[in-house]
Amino acid sequence: MAKQEDLRETALAAIRSEKRIGPHFRPEALTIDADGVATIEAEVETVAVKRLALERVAGVPGIGGIVDRLRVKPALTMSDDGILDHLRKAYYQEPAFEQFAIAEREEGQAKLVRAGLPGAGGEIAIEVEFGVVTLNGSVPSLAAKRLAGVLAWWVPGVRDVVNGITVDPPEEDAPIQIEEALRIALDKDPLFDASQIRVGVRGRTVRLTGWVPSAAARDAAEWDAWYVFGVDDVINEIETGSV
């Protein structure tokens, strides 16, 4: 028990040492079991805090796994049915998904709500519970998997996105794959001109540079980067103001 308590204190210190989180972070629960698996539970302000906290805990020697129960405070309160309705429409209207089947799961039961085109090779299954969106199914590219996750995060009532979509045939992930997915997301965001933003990816860290007209647009570009599955850190060096 002493070792587990030491690991807990080390993990908590690691999170608080991240300047974008700070020393006042107090999770509702942070426990370490005998196998070194950490369970962390809290409501956080942004997806950035969620990702950074998980990354800091994962970097603690002796931590063998993480049970992620961090939830993001939603931009507005929305029912699960409301989230599902928004997400269904987003997937229906997304050109990259027009050939995919769309299914919904409720109380463990799957219901096909749109059949896919023959030979399309894609299905996205959506489940929403207490503001947490769980995505399953299979799509033909990592870019499609990541876009499905970003579109889910864009629904303002969402508290977390668990992206369990598989890619068939499998693709090897790499920084260029993250860059491709982020460029797609930025191009779809109406809050700024994506051609003015440059994207660089090293490992799983994204660096944004360029220019946008406002701080709100700068923040929106950063959130889009955080929403991409697999991103662990975002360095936002986008400039704002008149030219």
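The values are calculated or read from the model by the stated rules, or taken from the named source; none is laboratory data. Everything numeric here is computed off the predicted structure, so don't read it as measured data. Please note: Cβ atoms are built from the backbone with ideal geometry, for glycine as well, and neighbour counts cover all protein chains shown.
The table below gives the values:
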{"read-out": "Test: Gly62 is among the small types (Gly, Ala, Ser), surrounded by fewer than 17 Cβ atoms within 10 Å (Cβ to Cβ) and without any contact (Cβ under 8 Å) to a residue 60 or more places away in the chain", "value": "yes"}
{"read-out": "Top-ranked residue in the stretch 218-243 [being buried (at least 19 other Cβ atoms within 10 Å of the Cβ) and more than 17 Å from Lys50 (Cα to Cα); ranked as farthest from the chain's Cα centre (by Cα)]", "value": "Ile238"}
{"read-out": "Residue satisfying all of: in the stretch 99-121; modelled with pLDDT of 90 or more and within 16 Å of Arg88 (Cβ to Cβ); surrounded by the most Cβ atoms within 10 Å (Cβ to Cβ) among these", "value": "Phe100"}
{"read-out": "Subset of the stretch 130-144 [polar (S, T, N, Q) and in a loop (DSSP other than H, G, I, E, B)]", "value": "Ser141"}
{"read-out": "Every residue from the stretch 188-217 that is touching a residue at least 12 places away in the same chain (Cβ under 8 Å), within 20 Å of the chain's Cα centre (by Cα) and part of a loop (DSSP other than H, G, I, E, B)", "value": "Asp189, Leu191, Gly203, Arg204"}
{"read-out": "Flag for Val155 being out of contact with any helix residue (DSSP H, G or I) (no Cβ under 8 Å at 6 or more places or on another chain), over 19 Å from Ile235 (Cβ atoms) and among the β-branched types (Val, Ile, Thr)", "value": "no"}
{"read-out": "Whichever residue in the stretch 1-22 is β-branched (Val, Ile, Thr) and closer than 15 Å to Ala58 by Cα and, among such residues, is surrounded by the fewest Cβ atoms within 10 Å (Cβ to Cβ)", "value": "Thr10"}
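Condition check ((1) free of Cβ contacts under 8 Å to residues at least 60 places away in the same chain; (2) among the small types (Gly, Ala, Ser); (3) within 23 Å of Gly230 (Cβ to Cβ)) across all residues:
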{"position": "Glu9", "(1), (2), (3)": "yes, no, no"}
{"position": "Ile15", "(1), (2), (3)": "yes, no, yes"}
{"position": "Leu30", "(1), (2), (3)": "yes, no, no"}
{"position": "Asp33", "(1), (2), (3)": "yes, no, no"}
{"position": "Ala42", "(1), (2), (3)": "yes, yes, yes"}
{"position": "Thr46", "(1), (2), (3)": "no, no, yes"}
{"position": "Ala53", "(1), (2), (3)": "yes, yes, yes"}
